[in-house]
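Structure first, commentary second.
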Amino acid sequence: MANPRPQAVSIALFHEAQLLMIERARAPLAGHWTFPGGRVEPGETLETAVRREIVEELSLILTRIRPVGLAPREATGGHFDLTVFVADLADRAITPDPTEIARFGWFDPHGALPSPTTPGFGTVLDAIFRLRS
């Protein structure tokens with residue numbers, strides 16, 4: 001039996017009409033803009049993994065998150081399965097870990113976004129809006 005593809009999680013964080021994006025500080029894809037998240041560690045559930053990643057990357061404890069679903073395979077090049085979550089934040093108070101996040105910003109998700117983005121980012125963003133509505 002073949003090994004299953006690695007699992008990863010990411011989360012779209014909204015404050016009012018603004019979307020949080022981060023610029024990755026390290027490989028792979030250092031310098032690319034995306035959602036916070038990362039790999040699922042052995043024994044973790046997807047929700048536990050996304051909560052851990054957000055604490056590590058943003059020092060943020062989320063009280064209510066919602067799964068959006070599995071990102072389209074073309075968004076990851078088929079290299080791993082990416083489960084996307086979404087949360088609405090009461091405020092913009094975050095403390096990014098500079099070893100993980102080079103920069104961050106709040107953007108209108110329907111307007112101009114920073115670039116370059118991680119491969120398939122637009123596909124994932126489209127899926128978030130489609131599945132969230």
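The values are calculated or read from the model by the stated rules, or taken from the named source; none is laboratory data. The structure presented is a predicted model; accordingly, all values stated were derived computationally and were not measured. Please note: Cβ atoms are built from the backbone with ideal geometry, for glycine as well, and neighbour counts cover all protein chains shown.
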Would you check if Ala17 is touching a residue at least 24 places away in the same chain (Cβ under 8 Å), surrounded by fewer than 20 Cβ atoms within 10 Å (Cβ to Cβ), out of contact with any helix residue (DSSP H, G or I) (no Cβ under 8 Å at 6 or more places or on another chain) and under 20 Å from Asp108 (Cα atoms)? yes
State the number of residues belonging to the range 33-54 that are more than 12 Å from the chain's Cα centre (by Cα) and either closer than 14 Å to Met21 by Cα or surrounded by 21 or more Cβ atoms within 10 Å (Cβ to Cβ) (or both). 1
Just one of Ala112, Ala30 is assigned to a loop (DSSP other than H, G, I, E, B), without any contact (Cβ under 8 Å) to a residue 40 or more places away in the chain and either more than 12 Å from the chain's Cα centre (by Cα) or within 11 Å of Ala8 (Cβ to Cβ) (or both); which is it? Ala112
In the range 76-131, the residues that are touching a strand residue (DSSP E or B) at 6+ places or on another chain (Cβ under 6 Å), basic (Lys, Arg) and at pLDDT below 95: Arg92
Hey, does the range 68-89 have a residue that's within 15 Å of His15 (Cα to Cα) and over 14 Å from the mean Cα position of the chain (by Cα)? yes
